[in-house]
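To start, the structure under review is shown below, and the notes come after it.
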Amino acid sequence: MTNEAPQKIYLADYKPFPFLIDGVELNFDLAPRATRVKSKINFRPNPDSDSREFFLHGENLKLISAKIDGKEISPEVTDLGLTADVPDAPFVFEAVVEISPETNTALEGLYMSGGMYCTQCEAEGFRKITYYPDRPDVMAKFKVRIQGSESVLLSNGNPVEQGEGFAEWHDPWPKPAYLFALVAGNLVAHPDSFTTNSGKEVELNIYVRPGDEGKCAFGMGALKRSMTWDEEVYGREYDLDIFNIVAVDDFNMGAMENKGLNIFNSSCVLASPETATDANFERIEGIIAHEYFHNWTGNRITCRDWFQLCLKEGLTVFRDQQFTSDMRSRAVKRIDDVITLRARQFREDNGPLAHPVRPESFVEINNFYTATVYDKGAEIIGMLKRLVGDENYKRALDLYFERHDGEAATIEDWLKVFEDTTGRDLSQFALWYSQAGTPRLKVSEAFEDGTYILTFKQETPPTPGQPEKDPRVIPIAVGLLNPNGDEVRETCMLEMTEEEQSFRFSGLAAKPIPSILREFSAPVILERETTNAERAFLLAHDTDPFNKWEAGRALAKDTITRMLTDDSTVGSDLLDAISKVLRDDSLDPAFRALVLALPSADDIAQTLFDAGHTPDPSRIHTALETVALSYATHLQDVLPKIYADMHVDGPYSPDAEPAGKRALQGAVLSLLSRLDGGNQARAQFAAADNMTQQLQALACLLRIDRGREQLAAFEEQWKDDRLVMDKWFNLQTALAAPEAAVQTTEALTKHAAFDWKNPNRFRATLGGLTGNMAGFHSPDGSGYRLVADWLIKLDAANPQTTARMSTCFDSWRRYDADRQALIKAELSRILATPKLSRDTTEMVTRILGD
Ligand code: 0A1
Ligand code: ZN
């Protein structure tokens, strides 16, 4: 049986909703299987619409009664919503519906997690709560009354009344339904307060389940730092009397920016030194900032329709990246962001799921919360800022906030504020929003009579539905170095607009060594003939930290790919260059750790594929292990000293400086364990008083196929901590030796603590396997089969997480014919599942392609 082709929605079909809303009153009578939702909505005809069709979205609702202007009506009800005849004048619509939060495993709408009620309404979850025009351009003021026996009853806005068994909340700011939230539970608060720049006192709370109180302090600090930063850098103040964060264990994504009531996946807010790693702390700080920043970029100014998702997401990611750079190291943050961009977005942009940052059609909007919309969306803003300059960027943003506050805006509105501020024509720049695919930038050079000429040629490969591309505007930051290592030209921003374009630098005594695309000034793939000697030179001398790192990365990638294509060995050029960086005490330890880290197996596979080879996952694994062992052997005289030097005295702090030292110490430990059979790692595991070092040590042991004892000790120590146990599940599937990975994963799915309906646990376990390239791509297809079995099972309960995880198959065309056939068979099996969700159907169909 095949599933019906679901309906596509097009950007070009946008029409405003025929009615405006003057106010919404909601009344919730909570019960796990029979929550009653009463709504009262004041509608009036929208003068900007010529339609009077009254359709309200509604899914999985039991309609008890409906009224218009107080009179009972019998509307036409389908699986998707309700239609009724309405007056051509203002009117009041009332409805009573019944819903069942306890059986809602999709985690969309009102559901239950660990005994508490919570909601997730973005993108289209409000329609599972009551009948409503569930679209972001319909904005209204909400009044909410909650009746329930829980000690904490929360909604958006400000609290107006509370008593035994009820609470009432009014949100003075008009908002779309996707920002609605409700929480009810026996929770405890970690309270604090913040005084805004203009002297307004704001009450802050992080609500958690009893037992988690000790894990809130860092998140609260991050929230206050975010509030201060947004005032100082963007001039944006908070606008309610209260700001609440709630941690929930069952959540499909990271967190949600509901007005005044952010709901967080507990993994993205709870942290203590004993249970969270340095990377967790940094991520938590970034996500808290991200959700808080949405208050202006997303909530006060929202999106006209879901095609404009990048308007809020690209900008908010850009803002959280700026924030993290300011809080930590700008250089390290940029390198981290580019590693993530390449791993997720470039991969997406190169495969069957490629789509423009602003897509033109979708079947299920939940499938478009992608690396492209978020991370490439943020890169576009970075490019815009580089092109117009910091001052103009600031002026354009001030204008954006002033002009569009309270509105549901579009990408055109966004670009217009930049055009109006600078007088520039951004029509060509707008191609970044409409054209998918990562541009390839080919570089050639010439040197004559003291003039150095750089010639660039841009080309973007075809992507689904877009065979041809027009040339884009590309900001290319370039600096020039003398052969002696001095910088002869400081960074300048070249602005490429043609398909092919040359730039000249005159007055040079010798042919310079160029440092191109500094700070990764555009999300493109640079293709330039160069030598490893030049890469080593740039790794040693480049003044731009991003390109310095990039040179080392290119050197390592070149070595690894050549090991796989022409059986060459690890050369001394790479080893000596890495050794120099590692020994250079003047460099930030976090930066040195990044230089020491090897490119991922996935990165190597894509690089080989792009160069016309068929990647073999198991050989890639072996090559990476060989390089690691060569590093260890070559550096063995310095490793113990650096390990000791990176020791941090005193109590644990998640700040960038000690975290950077631990990062380098961990990278060194990983090399050391290849030489000492894991002795140092065992000692670190035994002595660790923080999760970063405990987990590092365990990972090192698992990587060399040791650590059974430590694994058991870890489980015993942490069996009651859900978030730490996610790490325990993940580490085993992610780091298992290729031939053991599938079996390990299968065994773990039978573990009593494998709660497959919990997205964190499911992702930790199965996602660990799909990220373990050689294990997942086991030649017998057992990895594919196991993952497909679990996706089929999960789809019936939680389509959103299933669809998202099905992307593990998106790179199937890279591999050999046998693997391709095995993957295709699994994808077809998934697609043939009776009642497969719309979400997964769309994703698997796109992955399979034509
Ligand atoms: N807007 C949130 C992410 C988010 C999106 C969708 C969700 O459910 C489908 C949940 C959260 C953010 O950018 O943080
Ligand atoms: Zn966001």
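The stretch 717-765 and the stretch 81-153 have Cα centres spaced 35 Å apart. Fewest neighbouring Cβ atoms within 10 Å first, the residues Glu391, Glu715 line up as Glu391, Glu715. Let me have the relative contact order for the stretch 438-578, percent, based on Cα pairs under 8 Å that are six or more residues apart. Value for the stretch 438-578: 23 percent.
Compute the signed sum of charges (Lys and Arg +1, Asp and Glu -1) over the other residues within less than 14 Å, Cβ to Cβ, of Leu508.
Net charge around Leu508: -3.
Sum -39500 (n - 2.57) across every DSSP H segment of at least 4 residues in the chain, then divide by the residue count to get the 222 nm mean residue ellipticity, nearest 500.
-12500 deg cm²/dmol
Counting only aspartates and glutamates at least 8 places from Lys661 when in the same chain, those with an alpha carbon closer than 15 Å to its own are Asp278, Glu282, Asp584, Asp585, Asp588, Asp645, Asp649.
Distance from the alpha carbon centroid of the stretch 1-65 to that of the stretch 205-260 works out to 29 angstrom. Can you flag which of Lys128/Lys835; Lys38/Lys175; Lys8/Lys259; Lys8/Lys40 are past 22 Å Cα-Cα? Cα-Cα > 22 Å for Lys8/Lys259; Lys8/Lys40; rest within. Label positions at Thr105 and Trp756, each projected 7 Å from the Cα along the C-beta direction, are separated by 0.9 nm. Normalising the average separation of contacting C-alpha pairs (under 8 angstrom, six or more residues apart) by the number of residues puts the relative contact order of the chain at 9 percent.
Charge tally around Arg829: other residues with Cβ under 15 Å, Lys/Arg +1 each, Asp/Glu -1 each, net +1.
Identify the GluC sites (Glu not before Pro) of the stretch 118-164 meeting these criteria: DSSP loop state and at most 11 other C-beta atoms within 10 Å of the C-beta.
Answer by residue number: Glu164.
Around the amide H of Ser521, modelled in the peptide plane, lie the amide H atoms of Ala477, all under 5 Å away and 5 or more residues distant in sequence or on another chain.
Other residues with beta-carbon under 13 Å from the beta-carbon of Lys641 carry, at +1 per Lys or Arg and -1 per Asp or Glu, a net charge of -2.
Excluding same-chain neighbours fewer than eight residues apart, the lysines reachable from Lys215 by a Cα-Cα span under 23 Å are Lys224, Lys719, Lys727.
We did not get these values from a lab; they are worked out from the coordinates using the rules stated. Just so it is clear, the structure is predicted and the values come from calculations on it, not from any experiment. Ideal geometry is used to build each Cβ from the backbone, glycine not excepted, and the neighbour counts take in all protein chains shown.
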